[in-house]
1. Long-range amide H contacts for residue 130: which residues qualify at under 5 Å (H placed 1.01 Å from N, peptide plane, sequence gap of 5 or more or a different chain)?
2. Ignoring everything except DSSP H segments at least 4 long, calculate the 222 nm mean residue ellipticity for the chain; use -39,500 (n - 2.57) per segment, divide by total residues, nearest 500.
3. For region 1-97, what's the relative contact order in percent, using C-alpha pairs closer than 8 Å and at least 6 residues apart?
4. Looking at region 27-59, which trypsin sites (Lys or Arg not before Pro) are DSSP coil and have at most 16 other C-beta atoms within 10 Å of their C-beta?
5. Connecting C-alpha atoms closer than 10 Å in a GNM of the chain, tell me which of 69, 35, 92 has the biggest fluctuation.
6. Over the chain, consider all pairs of different Cα atoms and compute the Kirkwood hydrodynamic radius from their mean reciprocal separation; express it in Å, one decimal.
7. Around residue 121, with a cut-off of 13 angstrom between Cβ atoms, what is the net charge of the other residues, counting Lys and Arg +1 and Asp and Glu -1?
8. Among 85, 180, 38, which residue has its Cα positioned farthest towards the positive end of the charge dipole of the chain, with +1 placed on the Cβ of Lys and Arg, -1 on the Cβ of Asp and Glu, and the dipole taken about the Cα centre?
Amino acid sequence: MFAPGQSGPHFMQVAFMVDDLEAAAMRWIGATGIGPFLHVPHVALEDYDYRGQKRAGLDFSVMLAQSGGVQIELVQQHNDAPSAYRDLIAKGQQGFHHLAIYTPDYDAALRSYHGKGFASAVEGTFGAMRFAYVDTSAAIGCMIEVIEEDPDQTDFFRRVAAAAEGWDGATDPIRPGFPA
């Protein structure tokens, strides 16, 4: 069995675009019992590469929960900046967007997808950690996010998983991802 945030070729995350994070998280909890969701508001990408062009100003928020060895990510884009999110899910719509892998060899993973003819829709960084959304949508109906293994990210993924352990299905269903 794979542990959350463990590196390898398996998919460790499934992600969905939504228009209202809190409402979507509560629907997930009500329908599946998965939770609690950890909220990371207004992630701002000030410098990212969108389909080969430098861009700035992408604003989105995420909520994450753990279901066994798979993380559930809900994403809400707040602005109209070009993004991999809007490439597949139009504003005002919701749906499945991507699968994610978490890898210690980011360059090799990205080269592998590029070598198969898939282009990066977005490449960027969060702190020192690199990520890319590879546009595999024509082949498998969604994108694949490649996330570079990083100690801070591993710690966050472990906190998402730990929150789910023994959760009673009701207490604090939405929690801050980075409590003050």
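The values are calculated or read from the model by the stated rules, or taken from the named source; none is laboratory data. Everything numeric in this text was worked out from a predicted model, so none of it was measured. Cβ: placed from backbone, ideal geometry, glycine included. Neighbour counts: every protein chain shown. These area figures cover heavy atoms from the full protein model, side chains too; ligands, DNA and RNA do not enter into them. Shrake-Rupley method; radii C 1.70, N 1.55, O 1.52, S 1.80 Å.
1. 148
2. After summing the helix terms and dividing by residue count, I get -7000 deg cm²/dmol.
3. RCO, region 1-97: 36 percent.
4. 51
5. Checking each option, the largest mean-square fluctuation is seen for 92.
6. 16.5 Å
7. That sum, taken over residues with Cβ under 13 Å, equals -2.
8. Checking the options against the dipole of the chain, the answer is 85.
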